[in-house]
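Structure first, then comments.
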Amino acid sequence: MNGLWIPADLLIRDDLSHTERMVAAFVGSFKQGFYGSNEFVARSLHIEKRTADRVLASLAQKGVIGWRGNTRFCAEPCSFVGTH
């Protein structure tokens, strides 16, 4: 991974924290969806697991990320991650 692209739609949302934006961009960076654990998210982004748990739940509640089977995906705001 060379880095993360945070879409403008995520940057301008007042209801997202900086950590939520970073986690959403991370999840959205996997083109085929993301099936890693919350612990993997925490390790990859150098945040506490309980923070990853809380942030991922919050993003799901806000409709930023969703599930397709056992795979997380980024919903509308992240749909163009990596296309710029």
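Quick look at the numbers
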read-out: Nearest-10 value in Å² for the accessible area of Ser58, using the 1.4 Å probe; value: 20
read-out: Surrounding net charge for Arg50, when Lys and Arg each add one and Asp and Glu each subtract one, Cβ distance under 15 Å; value: -1
read-out: Surrounding net charge for Ser17, when Lys and Arg each add one and Asp and Glu each subtract one, Cβ distance under 13 Å; value: +1
read-out: Projected label distance in nm at Asp15 and Ile47, using a 7 Å step from Cα toward the beta-carbon; value: 1.7
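The values are calculated or read from the model by the stated rules, or taken from the named source; none is laboratory data. Everything numeric here is computed off the predicted structure, so don't read it as measured data. All Cβ positions, glycine included, derive from the backbone under ideal geometry; neighbour counts span all protein chains shown. Heads up: the accessible areas ignore ligands, DNA and RNA and are worked out on the full protein's heavy atoms, side chains in. Shrake-Rupley method; radii C 1.70, N 1.55, O 1.52, S 1.80 Å.
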